[in-house]
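I have placed the structure first, in the form of structure tokens, so that the comments after it can refer back to it.
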Amino acid sequence: MITQRQLRFVVKPVVFLACLLPAALIVTDTFELTGSLGANPIEEILDRFGILGIQFMLIALAVTPLRQITGWTQLAQFRRMLGLFAFFYVFMHFLTWLVLDRGLFWPDIVEDIVKRPFITIGMIALVLLIAMAATSFKRLRQKMGRRWQKLHNSVYAVGVLGVWHYWWQVKADALEPAIYAAILSLLLGCRLFKRRKPRATVLATQ
């Protein structure tokens, strides 16, 4: 069994660095130290950050089911970190689009958000993620009470919007977003089953 001290000073820093590694690889690939970004580097950076955002969102959502299956209650202590990394990668995806792809040219940015549905739902997901990241601190959680839980329950809506955004964005091969959609459906199904199970137990005892 890992002690709380080991978890705090050994395991968490290792997990943090592992979560940061994909971002570091994007930087080193940009300077061709570890690889290349190909013929269209901006699109490659945009895609990498976006996919990482979805992947970390799914990993964060998987923490609770894995904790219930394995019985390792300490897994819950990684959920906030993983959720914030999901926000980080989604926000970097947004900044890459905003600055590198659109060059901060606001008429084109506004037109894209209004007229391109996959960007519209991506922006909705980003706004929800910003709200959750801003209220992820313990003090705000205590102040918000039940409103905090309602807000953070929208993480599944963010997952749906993120996968939907990715699915609409790809032009040919939809296999990868389909896999993410299947994983998200499984995680959502686990959550719904957990919520219905206590109710079914109560009804059975009446």
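The values are calculated or read from the model by the stated rules, or taken from the named source; none is laboratory data. Computed from a prediction, not measured in an experiment: that's the story for all the values here. Positions of Cβ are backbone-derived with ideal geometry, glycine not excepted, and every protein chain shown enters the neighbour counts.
Among L175, L184, which is the only one that is surrounded by 17 or more Cβ atoms within 10 Å (Cβ to Cβ), among the aliphatic types (A, V, I, L, M) and closer than 19 Å to L52 by Cβ?
None of the others qualify; the one that does is L184.
One residue is enough: does region 138-158 have a residue meeting the conditions surrounded by 12 or more Cβ atoms within 10 Å (Cβ to Cβ), of a type in the set (G, A, S) and either modelled with pLDDT under 95 or part of a loop (DSSP other than H, G, I, E, B) (or both)?
Yes, because at least one residue in region 138-158 is surrounded by 12 or more Cβ atoms within 10 Å (Cβ to Cβ), of a type in the set (G, A, S) and either modelled with pLDDT under 95 or part of a loop (DSSP other than H, G, I, E, B) (or both).
One residue is enough: does region 73-82 have a residue meeting the conditions over 18 Å from the mean Cα position of the chain (by Cα) and not in a helix (DSSP H, G or I)?
Checked region 73-82: no residue is over 18 Å from the mean Cα position of the chain (by Cα) and not in a helix (DSSP H, G or I).
Would you confirm whether or not region 107-114 contains a residue that is over 23 Å from Y166 (Cβ atoms) and out of contact with any strand residue (DSSP E or B) (no Cβ under 9 Å at 6 or more places or on another chain)?
Yes; the residues of region 107-114 include at least one that is over 23 Å from Y166 (Cβ atoms) and out of contact with any strand residue (DSSP E or B) (no Cβ under 9 Å at 6 or more places or on another chain).
Here are some conditions: (1) in contact (Cβ under 8 Å) with a residue 12 or more places away in the chain; (2) of a type outside the set (V, I, T); (3) closer than 25 Å to A174 by Cβ. G38 meets all but one. Which one does it not meet?
Of everything listed in (1) in contact (Cβ under 8 Å) with a residue 12 or more places away in the chain; (2) of a type outside the set (V, I, T); (3) closer than 25 Å to A174 by Cβ, G38 misses just condition (1).
One line per residue, one yes/no per condition, for (1) touching a Pro at 6+ places or on another chain (Cβ under 8 Å); (2) of a type outside the set (G, A, S); (3) in a helix (DSSP H, G or I):
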residue: V160; (1), (2), (3): no, yes, yes
residue: W167; (1), (2), (3): yes, yes, yes
residue: D173; (1), (2), (3): no, yes, no
residue: G189; (1), (2), (3): no, no, yes
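Can you confirm whether Q74 is modelled with pLDDT under 95 and touching a Cys at 6+ places or on another chain (Cβ under 9 Å)?
It is false that Q74 is modelled with pLDDT under 95 and touching a Cys at 6+ places or on another chain (Cβ under 9 Å).
Only one of these conditions is not met by T3: (1) among the β-branched types (V, I, T); (2) exposed (fewer than 13 other Cβ atoms within 10 Å of the Cβ); (3) in contact with a helix residue (DSSP H, G or I) (Cβ under 8 Å, 6 or more places away or on another chain). Which number is it?
(3)
From the residues in region 47-57 that are among the hydrophobic types (A, V, I, L, M, F, W, C) and buried (at least 19 other Cβ atoms within 10 Å of the Cβ), which one is farthest from I183 (Cα to Cα)?
F49
Against the definition (touching a residue at least 60 places away in the same chain (Cβ under 8 Å) and within 19 Å of C19 (Cα to Cα)), how does F85 come out, yes or no?
When the stated conditions are applied, F85 passes them.
Please pick out the residue among T96, T135, T120 that is β-branched (V, I, T) and either surrounded by 17 or more Cβ atoms within 10 Å (Cβ to Cβ) or on the phi > 0 side of the Ramachandran plot (or both).
T96
Provide a single number: the residues in region 36-46 that are in a helix (DSSP H, G or I) and either among the polar types (S, T, N, Q) or surrounded by fewer than 16 Cβ atoms within 10 Å (Cβ to Cβ) (or both).
Looking only at that region, the number is 3.
Being surrounded by fewer than 15 Cβ atoms within 10 Å (Cβ to Cβ) and either in contact with a strand residue (DSSP E or B) (Cβ under 8 Å, 6 or more places away or on another chain) or not hydroxyl-bearing (S, T, Y) (or both) is the requirement here; does L33 meet it?
yes
So how many residues does region 68-113 have that are of a type in the set (G, A, S), in contact with a helix residue (DSSP H, G or I) (Cβ under 6 Å, 6 or more places away or on another chain) and more than 23 Å from V27 (Cβ to Cβ)?
Final tally of qualifying residues: 1.
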